[in-house]
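Asks: First the structure, then my questions, so here it is.
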Amino acid sequence: MTLAANPLISVTPGLMIWTIVCFLIALYVLKRYAFGPIQKMIDTRRESIQSAIEAADNARDEAQRLLEEHRKLIAEARGQGEAILAEARKTRESMEQRMREETEAERQRRLEETRKEIAAETARALQQIRAEVADLTLEAASRVVGRTLDAKRDQELIEEAIAGLDFSRLEESA
């Protein structure tokens, strides 16, 4: 078998021209009706991918900005919270101090009232003791003398005697 004997390998100029013409027509038809729309579809897809990438970048930037804003708001809220707590502590401390002062003032007032009451009771008791001593002295003197003395004269003598007595020990112990 010879190589030229095979019809697929043999060169036929007419067939070759028709093959080139059919190829060029097919190329023209494909270029006109297939390659253009396919290229357009590829370009559209490329543009949509590019816009999606830009939208994703914008969304990432916006998310970053919102995150920073959120962090600032949280920091501001913490600062306000701490300021409120500090103010509450300050108010509590001032209220505690005021209550201590009021309690101390009330205690001092009651202590002073009690001292005045004790002093008044002591003075009243000493006056009562003096009166009883005067009565007892008058009674004793009338029994010793055996008669009733002049009330006015007796009273003067008793008051002089009582004035000479030292009641300071009673006042000090009270």
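Asks: I'd like the residue in segment 150-162 that is in a helix (DSSP H, G or I) and either of a type in the set (Lys, Arg) or more than 13 Å from Thr137 (Cα to Cα) (or both) and, out of all such residues, is modelled with the highest pLDDT.
Replies: Lys152
Asks: Being part of a helix (DSSP H, G or I) and at pLDDT 95 or above is the requirement here; does Ala56 meet it?
Replies: It is true that Ala56 is part of a helix (DSSP H, G or I) and at pLDDT 95 or above.
Asks: In the list Leu126, Leu85, Leu111, which residue meets the criterion of being within 30 Å of Ala161 (Cα to Cα) and not small (Gly, Ala, Ser)?
Replies: One residue alone meets the criteria, Leu126.
Asks: Mind telling me which of the residues Ile38, Ile74, Ile25 ends up being part of a helix (DSSP H, G or I), surrounded by 10 or more Cβ atoms within 10 Å (Cβ to Cβ) and at pLDDT below 95?
Replies: One residue alone meets the criteria, Ile38.
Asks: Please find, among Ile84, Ile118, the residue that is among the aliphatic types (A, V, I, L, M) and either more than 33 Å from the chain's Cα centre (by Cα) or surrounded by fewer than 10 Cβ atoms within 10 Å (Cβ to Cβ) (or both).
Replies: On inspection, the qualifying residue turns out to be Ile118.
The values are calculated or read from the model by the stated rules, or taken from the named source; none is laboratory data. Quick caveat, the model's predicted, so the values are computed rather than measured. With ideal geometry, Cβ positions are generated from the backbone for all residues, glycine too; neighbour counts draw on all protein chains shown.
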